[in-house]
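Structure provided below as structure tokens; questions to follow.
The values are calculated or read from the model by the stated rules, or taken from the named source; none is laboratory data. In this text the structure is predicted, and so the values were computed from the model without any measurement. Counting neighbours? That spans all protein chains shown, and the Cβs are built from the backbone with ideal geometry, glycine included.
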């Protein structure tokens, strides 16, 4: 497999944003509702919700589900 | 949506959904109505789905919510949590269905292998040291499964393809890729490359 420049750039970005402790997709789905409501209220995020945000950056499927959730909630 | 469904508190939802008999059935019906609306809205941008498929998705999603009531911690509205769980179930079903309809063929014949690309003469060359370290970590430090997982994702393979290929679930795949990213980060750090250098080299 050839890693072209754009793929390397993407990998570099994902590597930079890697945290030592990241939650799984399973933990994410049970916290994302809380995350959405907290961001709706403009609250400063607690650590347990910052990791939701960090996971969303790394996981395209969860990002897609977050977008759908916001659509459902009418954001 | 019945008036009662909008008036239930989180505690009432949990209590009534766990009841047997008519009271439980009423709450479950109200939940299904809410899930149906959510699934229809969430899938509306994913192409036209026939009524039978939508009904199946609503059924799967509703059952998934009911099966995971113990995971609701009461930190959000119950309905917000339920919508998130329902979307997860519905989208997972749709992704599996799409994967099955393609015959389960992997679109990433090269996933799991690595071929170095020689840095070019201009900007690519400026990134050369970082690229070389990343290639080295991928080739030497990652396990075969970590390599397959991260290269598969980078090559655009669907998650269902990778799950089938590796024989694992979504959480395990995420962990494999996370461990791979951590090794890449450690490799760059061990080589004296700081985050700002990476940002600068790739305009991140």
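Kindly indicate whether any position in the range B:138-146 is part of a loop (DSSP other than H, G, I, E, B), at pLDDT 80 or above and within 21 Å of the chain's Cα centre (by Cα). If you could, list the steps in order and put the result at the bottom.
Narrowing the range B:138-146 to residues part of a loop (DSSP other than H, G, I, E, B): B:142-143.
Now restrict to residues that are at pLDDT 80 or above: B:142-143.
Among the residues that remain, those that are also within 21 Å of the chain's Cα centre (by Cα) are: none.
Checking the range B:138-146: not a single residue is part of a loop (DSSP other than H, G, I, E, B), at pLDDT 80 or above and within 21 Å of the chain's Cα centre (by Cα).
Test of understanding: among B:193, B:168, which residue is surrounded by fewer than 20 Cβ atoms within 10 Å (Cβ to Cβ) and more than 17 Å from the chain's Cα centre (by Cα)? Break it down stepwise before answering.
On the way: B:168 fails: more than 17 Å from the chain's Cα centre (by Cα).
Just a single option satisfies the conditions, and that option is B:193.
Each row is one residue, and each column tells you yes or no for (1) more than 25 Å from residue A:26 (Cβ to Cβ); (2) in contact with a helix residue (DSSP H, G or I) (Cβ under 7 Å, 6 or more places away or on another chain); (3) assigned by TED's automatic domain parsing to the domain that holds residue B:72; (4) at pLDDT 90 or above.
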| position | (1), (2), (3), (4) |
| --- | --- |
| B:87 | no, yes, yes, yes |
| B:97 | no, no, yes, no |
| B:111 | no, yes, no, no |
| B:129 | yes, no, no, no |
| B:150 | no, yes, no, yes |
| B:161 | no, yes, no, no |
| B:173 | no, yes, no, yes |
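Moving on. From B:154, B:173, B:163, grab the single residue that is free of Cβ contacts under 8 Å to residues at least 12 places away in the same chain, farther than 14 Å from residue A:14 by Cβ and crowded, with 17+ Cβ neighbours inside 10 Å. So that I can check it myself, show each step before the final result.
Details: B:154 fails: farther than 14 Å from residue A:14 by Cβ; B:173 fails: free of Cβ contacts under 8 Å to residues at least 12 places away in the same chain.
After ruling out the rest, the residue left standing is B:163.
Continuing with the same structure: For the list (1) under 20 Å from residue A:73 (Cβ atoms); (2) touching a residue at least 40 places away in the same chain (Cβ under 8 Å); (3) within 12 Å of chain A (Cβ to nearest Cβ); (4) not in a loop (DSSP other than H, G, I, E, B), I need the number of the one condition that residue B:46 fails.
(4)
Sticking with this structure for a sec: Look through the range A:31-49, keep the residues that are closer than 18 Å to residue B:178 by Cβ and surrounded by fewer than 21 Cβ atoms within 10 Å (Cβ to Cβ), and return whichever of them is nearest to the other protein chains (Cβ to nearest Cβ).
Among them, the one singled out is A:48.
Collect the residues in the range B:153-179 that are part of a helix (DSSP H, G or I) and facing another protein chain (nearest Cβ under 9 Å), keeping them in residue-number order. Explain how you work it out, then say what you get.
Kept after step one, since they are part of a helix (DSSP H, G or I), are these residues of the range B:153-179: B:153-154, B:159-166, B:170-179.
Passing the criteria: B:153, B:154, B:159, B:170, B:171, B:172, B:173, B:174, B:175, B:177, B:178.
Of the residues B:33, B:73, which single one is farther than 23 Å from residue A:60 by Cβ and part of a loop (DSSP other than H, G, I, E, B)? Explain how you work it out, then say what you get.
Values: B:33 fails: part of a loop (DSSP other than H, G, I, E, B).
Testing whether each residue is farther than 23 Å from residue A:60 by Cβ and part of a loop (DSSP other than H, G, I, E, B) leaves just B:73.
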